[in-house]
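To start, the structure itself, in structure tokens.
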């Protein structure tokens, strides 16, 4: 575990960052620390590892046996693969988001839409017809039902050409997935965001997903039940059905 990614579990037990960093970066025990203090910190870290360990993968933890070389090699390979995935997946998703937004922008530009200039002060309500904006913050009421106002980021906001004063921009959320594993864990995020937007602007606000990759019937069924529609990236021309 890289020190730059020191997890909340270690912070929760109160292990000082320098102890974890020394072990992680240099594979050494912290220097000039009283033995009693060092032992206490190592026990805390060990307790976290014991709690989070995959007992199926590291079966010797429950059987109190010494792991064989083959068991250690298999476990270390699987754990390394999981760590690589945990590190790479967010980077891939971020790169995919950037690519998807560029793709939408190109599609809109070809149809005569203009991107809102950065720093122009354009808001969701004041966007001119025939324009679009990326990563636009929209003010809504807080999800806890209070009167507190919070910003909800919308990946793409598009004000259709010829839109009248009462016609709101269309909100689009770009989503990509390299497998089916995590999409259902994230499906409530879109539903919560849409509910907040609808509380602020009513049902006349259109909000949909722009999907690329692996989204199964469980995910799509859940979003449909929440009133959220979607357009597949490979069928981007379907956006024209929204009057764009």
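Just one of (1) touching a residue at least 24 places away in the same chain (Cβ under 8 Å); (2) touching a helix residue (DSSP H, G or I) at 6+ places or on another chain (Cβ under 8 Å) fails for residue 55. It is (1). Checked against (1) under 25 Å from residue 88 (Cα atoms); (2) exposed (fewer than 11 other Cβ atoms within 10 Å of the Cβ); (3) modelled with pLDDT of 75 or more, residue 4 passes all but a single condition, namely (3).
Yes/no per residue for (1) surrounded by 13 or more Cβ atoms within 10 Å (Cβ to Cβ); (2) under 23 Å from residue 89 (Cα atoms); (3) at pLDDT 85 or above:
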| position | (1), (2), (3) |
| --- | --- |
| 140 | yes, no, no |
| 154 | yes, yes, yes |
| 164 | no, no, no |
| 170 | yes, no, yes |
| 186 | no, yes, no |
| 203 | no, no, no |
| 212 | yes, yes, yes |
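Filtering the stretch 97-120 to residues that are at pLDDT 90 or above and part of a helix (DSSP H, G or I) leaves 99, 100, 101, 102, 103, 104, 105, 106, 107, 108, 109, 110. Scanning the stretch 99-113 for residues that are surrounded by 12 or more Cβ atoms within 10 Å (Cβ to Cβ) and without any contact (Cβ under 8 Å) to a residue 24 or more places away in the chain returns 99, 109.
Take the conditions in contact (Cβ under 8 Å) with a residue 60 or more places away in the chain, over 19 Å from residue 101 (Cα atoms) and assigned by TED's automatic domain parsing to the domain that holds residue 125 and apply them to residue 224. Does it pass? Criteria not met by residue 224.
The values are calculated or read from the model by the stated rules, or taken from the named source; none is laboratory data. The shown structure was predicted, so the numbers you read here are calculated from the model rather than taken from an experiment. No Cβ is skipped: glycine too gets one built from the backbone with ideal geometry, and neighbour counts run over all protein chains shown.
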